[in-house]
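Bear in mind that the values in this text are calculations on the coordinates, not laboratory data. Predicted, not measured: the structure shown is a model, and the values here were computed from it. Cβ placement follows ideal geometry from the backbone for every residue including glycine, while neighbour counts extend to all protein chains displayed.
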Amino acid sequence: MTSRTITAGASGTWKLGDLEVNRIGFGAMRLPQNGAAFDPGAAPGDRGRAIGVLRRAVELGVNHIDTAAFYFSPLRSANELINQALAPYPQDLVITTKIGPGRSPSGQWLPHATPEQLRGQVEENLRQLGRDHLDVVNLRIVGTDSIAERFGALADLREAGLIRHLGLSNVQPEHLAEARAIAPVVCVQNPYGLGARPEQDAFLRTCGEQGVAFVPFYSIAGAGREAGASGAERAEVLAVARAHGVGPAEIRLAWTLHRGAHVLAIPGTGNPDHLTANVAAGALRLSAEDLAVLDPVHSGGA
């Protein structure tokens with residue numbers, strides 16, 4: 001079997017509430033522009049290529065796409081690209097979006113939304129995606145303040161039928177406990193990957209014990225965050241990649257999925273070849289010997 005025939009189903013599945021998804025998904029953050037996300041000087045991404053990547057992702061079995069209304073460049077919007085590429089949406093496609101942050105039309109970050117402003121953000125995602133409800137909405141936060149009022153506002157929108165399931169992004173364990181006392185939480189989306197945020201290991205395990213999906217972002221980019229992978233790579237990762245005949249990004253994705261059956265991956269790319277390789281990474285099975293090489297990279301930091 002070649003990498004071109006491997007589909008996202010090879011990664012296994014997990015349920016976000018009652019919605020079953022393949023564990024390899026797709027992140028739409030990089031689609032609106034070339035280069036680093038949110039860079040006001042970056043050139044807009046090619047519309048046709050972005051639409052082609054989205055359609056190819058679905059062809060390869062990806063049924064979990066992560067997006068946000070604040071993923072946009074002056075000429076491109078991730079939500080609009082998803083709508084144009086995939087509507088009418090496949091019945092099994094789960095679109096997860098994030099609210100809380102906002103950006104002005106010029107791209108400047110705004111203060112995070114108040115509880116009263118969250119409905120407007122939900123409605124903007126609905127409009128851009130052409131949906132009558134959102135499958136999963138993650139409340140993204142910054143800081144350690146209580147989220148009870150904001151999450152309660154989302155719980156009300158869930159009861160009203162605008163949202164099917166709720167999640168959290170960029171949070172601490174105490175936020176998860178606070179939210180679960182208000183309404184069910186199906187996922188936690190936090191920065192995490194091989195050598196990145198090893199202090200999140202315990203939280204990852206806690207999510208698994210509670211049946212909550214842990215969805216790392218920057219699992220390939222690591223400390224590169226919005227700018228992407230730095231291009232430099234650890235010798236240990238390269239060695240395991242050579243042994244499997246793949247690139248280091250695939251090893252990082254496979255390692256991430258190995259952290260637990262509840263761990264999902266949402267690598268993003270505008271490159272069709274990278275998409276194929278990312279999806280194929282879901283079929284990689286790392287041996288005990290591989291993990292003995294890689295795990296110290298994680299515990300010691302990238």
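Taking K and R as +1 and D and E as -1, what net charge do the other residues with C-beta under 13 Å from the C-beta of Arg55 add up to?
Charge balance in the 13 Å sphere: +2.
Which of Thr114, Thr276 comes first, and how do the rest follow, when ranked by fewest Cβ neighbours within 10 Å?
Neighbour counts put them in this order, fewest first: Thr114, Thr276.
Taking the alpha-carbon set of segment 38-113, what are its Rg and Dmax in Å?
13.4, 38
How many angstrom lie between the Cα centre of segment 99-145 and the Cα centre of segment 229-302?
Here the two parts' Cα centres lie 31 Å apart.
Going by how many other beta carbons lie within 10 Å of each one, how would you line up Arg242, Arg103, fewest first?
Arg242, Arg103
Could you work out how far helix 47-59 tilts from the main Cα principal axis of the chain, as a 0 to 90 degree angle to the nearest 10?
Around 70 degrees separate the two axes.
Which net charge results for the neighbourhood of Asp290, defined as the other residues with beta-carbon distances under 14 angstrom from its beta-carbon, given Lys and Arg at +1 and Asp and Glu at -1?
Counting the neighbours of Asp290, the net charge comes to +1.
Once you've got the GNM for the chain with C-alpha springs shorter than 10 Å, pick whichever of Leu139, Leu157, Leu194 has the biggest mean-square fluctuation.
Of Leu139, Leu157, Leu194, the Gaussian network model singles out Leu157 as fluctuating most.
State the antiparallel share, in %, of DSSP beta bridges confined to the chain, rounding to the nearest 5.
In the chain, approximately 25 percent of DSSP beta bridges are antiparallel ones.
Divide the volume of the convex hull of the Cα atoms of the chain by its number of residues and quote the answer in cubic angstrom per residue.
Given the Cα convex hull of the chain, per-residue volume reads 121 Å³.
Between His244 and Glu174, what is the label-to-label distance in nm when each label sits 7 Å out along the Cα-to-Cβ direction?
Here the modelled spin labels are 3.7 nm apart.
In 10 Å bins starting at zero, report the fraction of Cα pairs in segment 21-189 per bin as a rounded %.
It works out to 10, 39, 36, 14, 0, in whole percents.
What does the extension gain come out to for Ala43 and Asp145, with contour length at 0.36 nm per residue minus their alpha carbon separation?
33.1 nm
I need two numbers for segment 228-276: Rg to one decimal and Dmax as a whole number, Cα atoms only, in Å.
When restricted to the Cα atoms of segment 228-276, Rg and Dmax are 11.5, 29 Å.
Per-residue HN-Hα couplings for segment 89-100, Karplus 6.51 cos²θ - 1.76 cosθ + 1.60 at θ = phi - 60°, whole Hz, x for Gly and Pro?
Coupling constants for segment 89-100: 6, x, 4, 8, 7, 10, 10, 9, 10, 10, 9, x Hz.
Among Ala37, Gly12, Asn22, whose Cα lies farthest out toward the positive end of the dipole of segment 1-157, if unit charges sit on the beta carbon of Lys, Arg (+1) and Asp, Glu (-1)?
Ala37
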